[in-house]
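The values are calculated or read from the model by the stated rules, or taken from the named source; none is laboratory data. Not measured: the values here are computed from a predicted model. A quick note on method: Cβ atoms are made from the backbone with ideal geometry, for glycine too, and the neighbour counts reach across all protein chains shown. Keep in mind that these areas ignore ligands, DNA and RNA; they rest on the heavy atoms of the full protein, side chains included. Shrake-Rupley method; radii C 1.70, N 1.55, O 1.52, S 1.80 Å.
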Amino acid sequence: MAKEVIWQDRKRHLGLPISFTKYQLSTDRLFVTTGFLNTTENEVRLYRISDVSLTRSLFQKLFGVGTIKVYSSDKSLHDFYIVNVSHPDYVKELLSQQVEAERKRNRVYTRENMVSGSGVEEDFDGDGIPDNQEDDSDNYNPL
């Protein structure tokens, strides 16, 4: 099955794509290919990505590039960087949208520890007891 590529770029140096690191985004995976003679292709399923962030140094701003950090639960890539790509704002937003679409399509949900503005944890498991006040009697050990 051929992958439908919706974005691709190379790691750039001084704004020019003169690198052997390539990035490709399909509808369900992100591919990172490195090397010239010996190549390695890693992929991460989009539903495994938990967050993305963008950083741009002064030099990156001058050359119109940026670096996106991808936080994932993938076993081989873990957290990784998409380094020096052009139009980084667009890429980050596109990646975020694709990740959300894949998570919904695969019914993958994460449970986050959310705290209200007053600092009191809310009841997110629906048992009527605020999560920070639940009885952990199963784990109680008086000694």
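What number goes with the only condition from (1) more than 21 Å from PRO17 (Cα to Cα); (2) crowded, with 16+ Cβ neighbours inside 10 Å that SER96 does not pass?
That leaves (2) as the condition not met.
Restricting to region 38-89, what's the tally of residues that are of a type outside the set (S, T, N, Q), surrounded by 12 or more Cβ atoms within 10 Å (Cβ to Cβ) and within 16 Å of the chain's Cα centre (by Cα)?
Filtering region 38-89 down to residues of a type outside the set (S, T, N, Q) leaves 41, 43-49, 51-52, 54, 56, 58-59, 61-66, 68-71, 74-75, 77-83, 85, 87-89.
Those still in the list that are surrounded by 12 or more Cβ atoms within 10 Å (Cβ to Cβ) too: 43-49, 51-52, 54, 56, 63-66, 68-71, 74, 77, 79-83, 85, 87-88.
Now narrow it down to the ones that are within 16 Å of the chain's Cα centre (by Cα): 43-49, 51-52, 54, 66, 68-71, 74, 77, 79-83, 85, 88.
Going through region 38-89 one residue at a time, the tally reaches 24.
Restricting to region 86-109, count the residues that are of a type in the set (Ser, Thr, Tyr), touching a residue at least 24 places away in the same chain (Cβ under 8 Å) and not in a helix (DSSP H, G or I). Talk me through it step by step, then tell me what you get.
In the first step, residues of region 86-109 are kept if they are of a type in the set (Ser, Thr, Tyr); the result is 86, 90, 96, 109.
Checking the rest, the ones that are also touching a residue at least 24 places away in the same chain (Cβ under 8 Å) come to 86, 96.
Subset that is not in a helix (DSSP H, G or I): 86.
The qualifying residues number 1.
So which residues in region 14-37 are in contact with a strand residue (DSSP E or B) (Cβ under 6 Å, 6 or more places away or on another chain) and open to solvent by 50 Å² or more (accessible area, probe 1.4 Å)?
Correct list: PRO17, LYS22, THR34.
Residue by residue through region 1-58, note down the ones that are without any contact (Cβ under 8 Å) to a residue 40 or more places away in the chain and aromatic (Phe, Trp, Tyr).
PHE20, PHE31, PHE36
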